[in-house]
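Following: one structure in structure tokens, then a few remarks.
Derivation of every value follows stated rules applied to the coordinates shown; laboratory data play no part. What you are looking at is a predicted structure, and each value in this text was computed from that prediction instead of being measured. We place every Cβ from the backbone using ideal geometry, glycine too, and count neighbours over all the protein chains shown.
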Amino acid sequence: MDIKVLGTGCANCRATIALIEQVAQAKGVAVNLQKVEELRAIMSYGVMSTPGVVIDGKVVHAGGVPGRDKIEQWLVAKQG
Amino acid sequence: MLNEAKEVCPTTTLRMSREGALLVDVRERDEIDNLAFDVPDLLVMPMSEFERRCAELPRDRDLVMVCRVGERSLKATYFLMYLGYTRVANMEGGITKWARKGFPIKGNVSTAIASAATGCCGGATPAKSIGGKSTFAAGENCCAAQPKRAGGCC
């Protein structure tokens, strides 16, 4: 599962990455987690509010640190 | 991936404005109350309202996005490009650089001076107010030292 966290390096972006890592580890889900920090790359997803989260090419979240339960839902849904 | 945004300097922006382009100022209203572009055709659309209101912007007219130093307006430019706008450019340097070049502004000159200290040229030397019109000492900052060319950029 490819997960991209969109953000210019703010504290919320770092917190989002850390939380996704934690949840993925706890759930035993293998993820390929990438940071996207360049403005043009971020805006290519049409995300105005960061952090944004993209899973397998689809924007699933924009603005603020996502909740742990939300991240769990993403990972479980993708595991299918 | 989006293409690189088109960036224009204040000189080109002034020319484009005179030729019919619409300037879109994405700064917040309190910033604009302090210091504003003095051009005939300008639309205020702060970043806090941008996503909700950007559909108001025409697609059949040149748009130049402006802000304080050109960062927020670059983001807005890319967002419009994402939405399929093709006639959109970002003014690099924002109102800080615009004011430093002596282009028309309304409002508190000291705001521009304070901004200049953190602007792209960092610590440029804005200077004087003549008859209520703000201007800046030519040759005392890195931008003013550049030759002005028609449509050129510094």
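In straight-distance terms, cross-link reach from A:Lys78 covers every one of the aspartates and glutamates whose alpha-carbon lies under 13 Å from its own, apart from those fewer than eight places away in the same chain; here that gives A:Asp2, A:Asp56. From least to most packed, judged by other beta carbons within 10 angstrom and beginning with the fewest, B:Asp60, A:Asp56 follow the order B:Asp60, A:Asp56. Dipole check for chain A: with +1 at the C-beta of Lys and Arg, -1 at the C-beta of Asp and Glu, and the Cα centre as origin, the magnitude is about 60 Debye.
Residue pairs exceeding 28 angstrom between C-alpha atoms, taken from A:Lys35/B:Lys75; A:Lys35/B:Lys97; A:Lys27/B:Lys75: A:Lys35/B:Lys97; A:Lys27/B:Lys75. Taking amide hydrogens as placed 1.01 Å from N in the peptide plane, the amide H of B:Ile105 sits under 5 Å from those of B:Asp38, B:Ser134, each at least 5 positions away in sequence or on another chain. Phi angles across the range A:14-29 convert, under the Karplus curve 6.51 cos²θ - 1.76 cosθ + 1.60 with θ = phi - 60°, into 3J(HN,Hα) values of 5, 5, 5, 4, 4, 5, 4, 4, 4, 5, 4, 5, 4, 8, x, 9 Hz, Gly and Pro given as x. Close amide H partners of A:Val60, meaning residues 5 or more places away or on another chain with modelled amide H under 5 Å apart, are A:Val53, A:Val54, A:Ile55.
Could you give the Stokes-Einstein D for chain A in µm² per second, using the C-alpha Kirkwood radius, 37 °C, 0.692 mPa s? Once the numbers are plugged in, D ends up at 267 µm²/s.
By other beta-carbon atoms within 10 Å, ranking A:Tyr45, B:Tyr85 with the fewest at the front produces B:Tyr85, A:Tyr45.
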